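Written below as structure tokens is the structure these notes are about.
Computed from the coordinates by the stated procedures, all read-outs in this text should not be read as laboratory data. Every value quoted in this text rests on a predicted model; they were computed, and no experiment measured them. Backbone-built Cβ (ideal geometry, glycine too); neighbour counts: all protein chains shown.
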Amino acid sequence: MSGQPSKIDQFLEAVEIRVEAFGVCEIGRHYSLRCEPFKPVIVHFVLSGQGFMECRHGRFPLKPGTAVVVPKMLAKKLSGTGPVERISDANADCTLQDELLTFRACDGEPDLVLGCAELSSSVGGDLPLFDQAKRPIIEHSDDPLMKALFTTMFEELRNPRLGTRAFVSALMKQVLIVLLRSQPNKDSSILLMTGARLAGVVAAILDRPQDNHTVDSLAAIAGMSRSRFSHHFTLAYDVSPKAFVQTARLASAARMLKGSDLPVKSIAASVGYVSRSHFSRAFQAKFGVHPSAFRVQAPAEPY
């Protein structure tokens, strides 16, 4: 492929996914594993077998190639295919096996095996990707690559070594791309909740945060009416388009403060702030420190 990257490619380049912790769930045919609400976003992916996930939003079938993004603080149960005869508690039935956290609700061979990862994700380094989800995001792909990615991820985490976390995080991003490729329906949950449907808008903001982005100009990029665009954008990111633009500008400024010796006034102008004082107030409200102090105190890794 040659030429300029597509808007969806620009969007995906800006997506950052980090796997903070990992485990595996093994569920027997007549068992159910009860999971209390977790503070972080959790993603489950089916490694083998079949079963169900139940929560207050319904009962959802699971099979190889299925990935489930579980919102923050959502209780759930994971079950095998048979009538449930025994319910196990995830907090009680958790062990460390071969360096891997294992939640086991079965006797003998499991009916359903899932990989489980604590997920941290963002767009442009500072804009949460899945944190605003209120319902589970459940998608399936029959692409053979999906199974290969899940299997590679699982084997890597069974035998952790140098760079395992970075390697698994990169694999998880590839899972997201495969899921996006497999969705013919433009209103699918994965497209909507990742904001990929609005990829052109996100790419324009991240590429030129200094431009005079308005709701009208961004709606025009999306090819939507102002009201429809605002609704879909806020649903995808849990912030208004105006707030998204400001966050993108400040995140870009933070990267420049740490990665260059440009004066604060020049950085403010380069991200769209005419007034240095206005920029400094907005930056301090976002990061808790004045831009000059941030430059000294910020960690080495980019924001």
Task: Distance between region 1-54 and region 185-235 - C-alpha centres, whole angstrom - done: 24
Open item on the list: Using only the alpha-carbon atoms, how far is helix 226-237 inclined from the longest principal axis of the chain? Give it as 0 to 90 degrees, nearest 10.
Closed with: 50
- [ ] Counting only C-alpha contacts under 8 Å and six or more residues apart, can you give the relative contact order of the chain as a whole percent?
- [x] 19
Open item on the list: Quick check: convex hull over the Cα atoms of the chain, volume per residue in Å³, rounded to an integer?
Closed with: 158
TODO: Under a cut-off of 29 Å between alpha-carbon atoms, report the lysines in cross-link reach of residue 39, not counting same-chain residues fewer than 8 places apart.
DONE: 63, 72, 76, 77, 134, 147, 173, 242, 286
Open item on the list: Per residue of region 247-258, what does 6.51 cos²θ - 1.76 cosθ + 1.60 with θ = phi - 60° give for ³J(HN,Hα)? Whole Hz please, x for Gly and Pro, Karplus curve as stated.
Closed with: 4, 4, 4, 5, 5, 5, 5, 4, 5, 5, 4, 7
Task: Convex hull volume of region 1-151 per residue (C-alpha atoms, cubic angstrom) - done: 132
Task: Nearest-ten-degree value, helix 276-287 long axis tilted from longest Cα axis of the chain - done: 10
TODO: Work through the residues other than residue 31 whose Cβ is under 11 Å from its Cβ and net out their charges, Lys, Arg +1 and Asp, Glu -1.
DONE: 0
TODO: Could I have the simple spin-label model distance between residue 276 and residue 161, label points 7 Å from Cα toward Cβ, reported in nm to one decimal?
DONE: 5.2
- [ ] Report the trypsin sites (Lys or Arg not before Pro) located in region 105-166 that are in a DSSP loop and have at most 16 other Cβ atoms inside 10 Å of their Cβ, or state none.
- [x] 134, 161
